[in-house]
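Single-structure report; data block below.
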Amino acid sequence: MLFIFRLKEIINQPSLINLNEDYIALNHQDPPALLVYGERLSKSILKSKFILPTNIIDYFKLITHQPEARFHFIEDHFKYSPLMLSGEDHRESRKKLSKLYTSIENNCQHWLSHFTQDFFAQLNPADQNFDPVFFIQKYIASVFNQMILLELELKDAVVPTYLGEILHMFRSIDELNEYEKKLEVLVRFIEDALIKQKKDPKDAWMLVTIAVMGTEPLLGAFFYGFMHEHPHNKAWDAFSLFRASSPVSTLSRFLAKDATIDGLHFKKDQLIYLSPDLIHYKMKAFDASIPASKSYSFSDGPHTCPGLRIAMIIADAFMLAWHEKKPIHLNLEKYQFQRDFILRPKIHG
Ligand code: HEM
């Protein structure tokens, strides 16, 4: 698994790639794990029926050297949620989610803008101790809280939506156990509410995806928006922000069988990593002539992010309010970014 260090090094330092190539080998194995960043090849890979998402749970067990470890709630969640599924199971999972997500998107039109204004009204622009990461976390948690309450037709409860971070290349067993405990509280809360409404508690996973899949990329993208002004000094719009930040830094896949894609031969079980940010870097996506909607930040093919519109609505509301109300004292010098599976703010040192 040493190649994971190499992967992390390259996605954090795009100047290490040769822009004339479409991919780079990450190790000397046969077949090697590849990091692909050519736009056409990436697109073909993401759309290929021979290429499947890797199993993040197996990865965590491997990386922590705990093959016997059990994370019941995390594992159960990913049994139903589409990220690691393929074929009919994947289609079924997406179909269920798309109904829920459409309902959330429609509901958001009625409350999100006022909600965001109220949230920012609590911010004291002169606060010397303003903590930007805590502020974003609190906003995301309270928006997800509200979404879940509305879908469960509950009023004024506090849903434990802030689960922290899970999508790290190097998670420790303790961190995974901590996430597992928080996830259990969230799942039980939603299951209880569904039971009271005589609905199927097994559907809790659908609402849970909002917190599991939405929190980390939104935190990365919003913090990027704090650290970088929009090139025209206006409020970041969601399309430009997500393309500029590409908050999901690494997509991982493997070959279900030997296959030739765009003239390249791949072998069964070969690992392939893709980085939306590197694809943008190679295609010089930041030229003014390339519209911000041309983006791989939400992936492509069957696993394209189903939460894209929800993420867009939240980002537009949040970044507009931020532009109008940001505090006078913003001490961002101590922060930097690190790309991992997700882009995340990090304190220097
Ligand atoms: C900044 C915000 C977000 C970004 C950049 C983002 C990006 C992505 C990307 C790149 C994938 C594909 C992963 C892959 O191909 O391996 C994905 C999948 C997914 N996202 Fe998002 N996401 C965001 C927010 C959200 C939100 C708010 C939700 C839920 C409301 C969500 C739900 C999902 C789900 C369920 C999947 C799995 C889809 C599948 O595998 O078929 N995402 N997201």
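Things worth noting here:
- Both radii are taken from the alpha-carbon atoms of the stretch 200-257; with Rh as the Kirkwood radius, Rg/Rh is 1.16.
- Derived scalar couplings ³J(HN,Hα) [the stretch 327-341; Karplus, 6.51 cos²θ - 1.76 cosθ + 1.60; whole Hz; x for Gly, Pro]: x, 6, 9, 10, 8, 9, 4, 6, 9, 9, 10, 9, 8, 9, 5
- Note on the chain: with a GNM built from Cα contacts shorter than 10 Å, the maximum mean-square fluctuation among Ser48, Ser15, Ser113 falls on Ser15.
- Overall dimensions of the stretch 39-100, expressed as equivalent-ellipsoid semi-axes from the Cα gyration tensor (√(5λ), whole Å, largest first), are 24, 19, 8.
- Least to most buried among Glu9, Glu39 (fewest other Cβ within 10 Å first): Glu9, Glu39
- Amide H contacts of Gln338: Arg344, Lys346, each under 5 Å away and 5 or more positions distant or on a separate chain (H built 1.01 Å from N in the peptide plane; Pro and chain starts excluded).
- Relative contact order %, the stretch 143-298, counting alpha carbon pairs below 8 Å whose residues are six or more apart: 16 percent
- In the chain, helices alone account for a calculated mean residue ellipticity at 222 nm of -16500 deg cm²/dmol, with every DSSP H run of four or more residues adding -39,500 (n - 2.57).
- The mean sequence distance of close C-alpha pairs (under 8 Å, at least 6 residues apart), as a share of the length of the chain, puts its relative contact order at 27 percent.
- Extension gain, Asp287 back to Lys96 (0.36 nm per residue minus Cα-Cα distance, nm): 64.9 nm
- Candidates Trp236, Trp205, Trp111: whichever shows maximal mean-square fluctuation once the chain is modelled as a Gaussian network with Cα springs under 10 Å: Trp111
- 5 angstrom amide H check on Ile261, placed H, neighbours 5+ away: Phe266
- Annotation: extensible slack from Gln197 through Asn27 equals 55.9 nm (criterion: 0.36 nm per residue apart, minus Cα-Cα distance).
- Longest to shortest principal axis, alpha-carbon extents of the chain, angstrom: 56, 50, 36
- Across the stretch 254-349, counting alpha-carbon atoms alone, Rg and Dmax equal 18.4, 57 Å.
- Cβ-based exposure ranking for Met1, Met206, in which fewest neighbours within 10 Å come first: Met1, Met206
- As a calculated quantity, the FRET efficiency between Glu9 and Thr64 at R0 = 22 Å, using C-beta atoms, amounts to about 0.55.
- Other residues with beta-carbon under 11 Å from the beta-carbon of Ala259 carry, at +1 per Lys or Arg and -1 per Asp or Glu, a net charge of +2.
- For the stretch 7-111, the equivalent ellipsoid derived from the Cα gyration tensor has semi-axes of 31, 22, 15 Å, listed largest first.
- With the cut-off at under 19 Å, measuring from each backbone N in the stretch 117-132 to a point 7 Å along the Cα-to-Cβ line of Glu333 picks out 127-132.
- Using the Cβ-Cβ distance between Lys155 and Leu123 with R0 set to 30 Å, the FRET efficiency works out to roughly 0.75.
- Note on the chain: GNM, Cα springs under 10 Å; of Lys95, Lys49, Lys181, the largest mean-square fluctuation is that of Lys95.
- Computed E for His230/Leu16 - FRET, C-beta separation, R0 35 angstrom, nearest 0.05: 0.80
- By the count of other C-beta atoms within 10 Å, a proxy for reagent exposure, Ser103, Ser295 are ordered fewest to most as Ser103, Ser295.
- The modelled label-to-label distance between Lys257 and Lys138, using points 7 Å beyond Cα along the C-beta direction, is 5.5 nm.
Values quoted throughout were computed directly from the atomic coordinates according to the rules given, and no laboratory measurement underlies them. All figures in this text were calculated on a predicted structure; none of them were measured in a lab. Cβ atoms come from the backbone with ideal geometry, glycine included; neighbour counts cover every protein chain shown.
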